[in-house]
Amino acid sequence: MLPSLSLVQNPGTTSSRAILFDHSGAIVVAAQQEFPRIYPSPGLVEHDPEAIWSSQLAVAQEVMKKAGASARDVAAIGIANQRETAIVWDKTTGKPVFNAIVWQSRLTVPIGDALKAKGIDKEIRERTGLVTDAYFSGTKVNKNTYGTGCFMLMNTGNEGVPAGLLHSASWKSKE
C-alpha cells in the first residue's frame, strides 16, 4: 500500500506543532508543545535551539503514535518555521553555538541603523523588496551575530555567510 499521510511540522514562536493529514487533506491528529522564550534584556528575545528541536521531535512522535502510523505511512513532510529567526549550528558537533535570535528581537537595530546611515538600505530595498529592519534575518547574518537565518544548517566560523546562501533577505552591498 502506498503512503497516504502528510506530516506537517511548525516550530513557531511559542510552541512546536505537528499535524498529520490524510490523502484528502483532513486532519488525522495534531499535537502541540510549548517551549520557553528567553528575554536577556528589554527588547531582546531568544530561544534555546535544543528546546525547539526536542519539542518538535516530541510532537512529531506523538502524532505518529496516536495515529498508529509508521514512517512508511508518510508520503510527505512539510515544515513551516519562524522564517526570520536565526540559529547557527556547529558543523562538527551539530550543536547550536548560541541561542536563536528570534524574529521579535531588536538585537540588531544598530546594524540596521548603520546600514541606513551609509545609504545601503536603498540597495537592500531595491534588491530584496524589504525595508532594513532588525525583524529580518539579513541583519542577523553578520560577523558580529553569526546568525544564519531560517534554520539553515551551516557554520561559517568567524566569516560572514557567503552570498547567495540565504532566502529573500540575502544581499551583498556594492561597497
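Multiplying the sequence separation of residue 113 and residue 15 by 0.36 nm and subtracting their Cα-Cα distance, what value in nm do you get?
Numbers: separation 98, 0.36 × 98 = 35.28 nm, distance 3.12 nm.
Gain on extension, residue 113 to residue 15, equals 32.2 nm.
Extending 7 Å from the Cα toward the beta-carbon at both residue 53 and residue 83 defines two label points whose distance is 2.5 nm. Mean separation of Cα pairs under 8 Å and 6 or more residues apart, divided by the residue count, gives segment 24-95 a relative contact order of 27 percent.
The modelled label-to-label distance between residue 66 and residue 34, using points 7 Å beyond Cα along the C-beta direction, is 1.8 nm. Quick one: plug the Kirkwood hydrodynamic radius of segment 1-50 (C-alpha pairs) into Stokes-Einstein at 25 °C, 0.890 mPa s, and report D in µm²/s. Answer, rounded: 189 µm²/s.
If you take every residue apart from residue 14 with its C-beta less than 9 Å away from the C-beta of residue 14, what net charge results, scoring Lys and Arg +1 and Asp and Glu -1? Provide the component values of the computation, followed by the final result.
Details: positive: 37; negative: 34.
With Lys, Arg at +1 and Asp, Glu at -1, the net is 0.
Values in this text are rule-based calculations from the coordinates and carry no lab data. Here the structure is a predicted model, which is why all the values come from computation and not from measurement. Every residue, glycine among them, receives a Cβ derived from its backbone with ideal geometry; neighbour counts consider all protein chains shown.
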